[in-house]
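Notes follow once the structure below has been shown.
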Amino acid sequence: MKKVVKFGGSSLASAAQFQKVGAIIREDYHRAYVVPSAPGKRFDGDTKVTDMLYDCYALAVADEDFSEKLNAIRARYDEIINGLSLDFSLDDEFQVIAENFSKKVGPDYAASRGEYLSGKVMAAYLGFTFVDPAETIRFTDNGEFDAETTQEIMSKRLSKYSNAVIPGFYGAMKNGRVKTFSRGGSDITGSIVAKAVRADVYENWTDVSGMLVADPRIVDNPKPIEYVTYKELRELAYMGATVLHEDAIFPVRQENIPINIRNTNVPEDPGTWIVGSTCQKSKYIITGIAGKKGFCSVNVEKDMMNSEVGFGRKVLQAFEDCGISFEHMPTGIDTLTVYVHQDDFVDKEQNVVSAIQRLAHPDMIDIEADLALIAVVGRGMKSQKGTAATIFKQLSARDVNVKMIDQGSSEQNIIIGVANRDFETAIKAIYNGFVKAK
């Protein structure tokens, strides 16, 4: 068995956290490939190393003295090295960094040094081989990730080592210029490595024990999710759940490699498994609830709309011509409603209205703002009687008016529209109806 293990910044913020990580890796020899992030905050009010690097590089770009800030970064790593009692030094690395900052080699290089230095320390601590992603993760000349070339290079390089540390967050273009991932960087690297070595499991270690059924900022102590499929996660992530970015899932999803979200500080917790498919039954009918505020609806009415060929296309063309994408489009016999992000729409609303009027000739156009969309997702909902009834019952009991309901053909999600002011109340109500009632 091969396991790729990625550790987030909070897991590597101090020597004590490094020791926790070391214990986790040594406890299971299958954890052969390690992807570290840059050290995060050690305490409230602390600064992440990546932010320190950005500040330091900004001084270099302004031709100001950056030595004090670079020494502060060095002190963070020396504190970790000394706390681990390592006979190891990063002096040569910091000399190179200082020279490259002076040459103003680029902000991506500056940002990537946090992971690079973490990887150096981690490799020394574990006795693993250090593999620089600048040599194994490739970006095209225009800055796009080159998955095919990366797979070829990474697979060939890692086949030589039974254990390795590969820093997250960055790679390089063909000319050697360092390039960082724009979103979910270290998570993406972990996924790339898992695919390259054909891992059996990709463990993503962070400071939470997996995914939760609902947002803990809204629902008190929500229950954890034990198993979630890629399809369910896609629905939840689309509506705001942020455990992993979609770009970090795609490489392992292609290979059907399961992801296990774990907590470095509570390693005995099983966490959440993200899988292609499973026979594991959810404890509840639903798997998760997620949502976003800040939508508006554009309601278009026209008699005999249902018999007019191309009416829907004409309405959507108005949005397309104005550069606005739509989220949902529930319809009736003589009505069609388009839900869009309010921020994208507000400055163009009259252009859209004029275009709809010109293209579709409706009888009426009505706009409603300050709406929220909530996704109720779960493989257990499929063919389950009474799911929508439970949702409506719970919302009605709390005097929440439903503006829209849209169920996907997969029967794994129901989208509900409510007023922004009812957003939190609605999520609590739905959660209580499916989870607390059990």
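The values are calculated or read from the model by the stated rules, or taken from the named source; none is laboratory data. Quick caveat, the model's predicted, so the values are computed rather than measured. Cβ coordinates were reconstructed from backbone atoms using ideal geometry, including for glycine residues, and neighbour counts include every protein chain displayed. Note: accessible area is taken over every heavy atom of the protein model, side chains too, but ligands, DNA and RNA are not part of it. Shrake-Rupley method; radii C 1.70, N 1.55, O 1.52, S 1.80 Å.
Scanning the range 396-423 for residues that are over 25 Å from LEU233 (Cβ atoms) and either open to solvent by 50 Å² or more (accessible area, probe 1.4 Å) or in a helix (DSSP H, G or I) (or both) gives SER396, ALA397, ARG398, ASP399, ASN401, LYS403, ASN420, ARG421, ASP422.
State whether one or more residues within the range 368-381 are farther than 19 Å from VAL213 by Cβ, at pLDDT below 95 and open to solvent by 10 Å² or more (accessible area, probe 1.4 Å). Don't jump to the end; show me each part of the working.
Restricting attention to the range 368-381, the residues satisfying the condition of being farther than 19 Å from VAL213 by Cβ are 368-371.
From what's left, at pLDDT below 95: none.
Within the range 368-381 (the criterion being farther than 19 Å from VAL213 by Cβ, at pLDDT below 95 and open to solvent by 10 Å² or more (accessible area, probe 1.4 Å)), the answer is no, since none of the residues qualifies.
Could you run through the range 382-395 and say how many residues are open to solvent by 70 Å² or more (accessible area, probe 1.4 Å) and free of Cβ contacts under 8 Å to residues at least 40 places away in the same chain?
So the answer is 4.
Looking only at the range 208-228, filter to residues that are charged (D, E, K, R) and under 27 Å from GLY276 (Cβ atoms); which one of those is farthest from the chain's Cα centre (by Cα)?
Looking at residues that are charged (D, E, K, R) and under 27 Å from GLY276 (Cβ atoms), I get LYS223.
Would you confirm whether any residue within the range 81-88 is at negative phi, among the polar types (S, T, N, Q) and surrounded by 14 or more Cβ atoms within 10 Å (Cβ to Cβ)? The answer is no, given that none of the residues of the range 81-88 is at negative phi, among the polar types (S, T, N, Q) and surrounded by 14 or more Cβ atoms within 10 Å (Cβ to Cβ).
Residues of the range 248-285 that are open to solvent by less than 50 Å² (accessible area, probe 1.4 Å), among the hydrophobic types (A, V, I, L, M, F, W, C) and either under 19 Å from the mean Cα position of the chain (by Cα) or closer than 20 Å to VAL376 by Cα (or both): ALA248, ILE249, VAL252, ILE257, ILE259, ILE261, ILE274, VAL275, ILE285.
Okay, residues lined up against (1) open to solvent by less than 70 Å² (accessible area, probe 1.4 Å); (2) in contact with a strand residue (DSSP E or B) (Cβ under 7 Å, 6 or more places away or on another chain):
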position	(1), (2)
VAL5	yes, yes
SER11	yes, yes
ALA16	yes, no
VAL35	yes, yes
ASP44	no, no
VAL49	yes, no
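Residue count for the range 382-404, restricted to those that are touching a helix residue (DSSP H, G or I) at 6+ places or on another chain (Cβ under 7 Å) and modelled with pLDDT under 90: 1. Please specify each residue of the range 279-319 satisfying the condition of being among the β-branched types (Val, Ile, Thr) and under 13 Å from PRO362 (Cβ atoms). VAL298, VAL300, VAL315 - these are the residues of the range 279-319 that are among the β-branched types (Val, Ile, Thr) and under 13 Å from PRO362 (Cβ atoms).
Cβ separations smaller than 8 Å between residues 6+ apart or across chains give the following pairs from the range 320-340 residues that are within 21 Å of ASN306 (Cα to Cα) to residues that are open to solvent by 70 Å² or more (accessible area, probe 1.4 Å) and outside any strand (DSSP E or B): ILE333/ASN306; ASP334/ASP303; ASP334/MET304; ASP334/ASN306; VAL338/PHE326; TYR339/PHE326. Checking each residue of the range 296-305 against the condition of being touching a residue at least 12 places away in the same chain (Cβ under 8 Å) and under 25 Å from VAL219 (Cβ atoms) gives no match.
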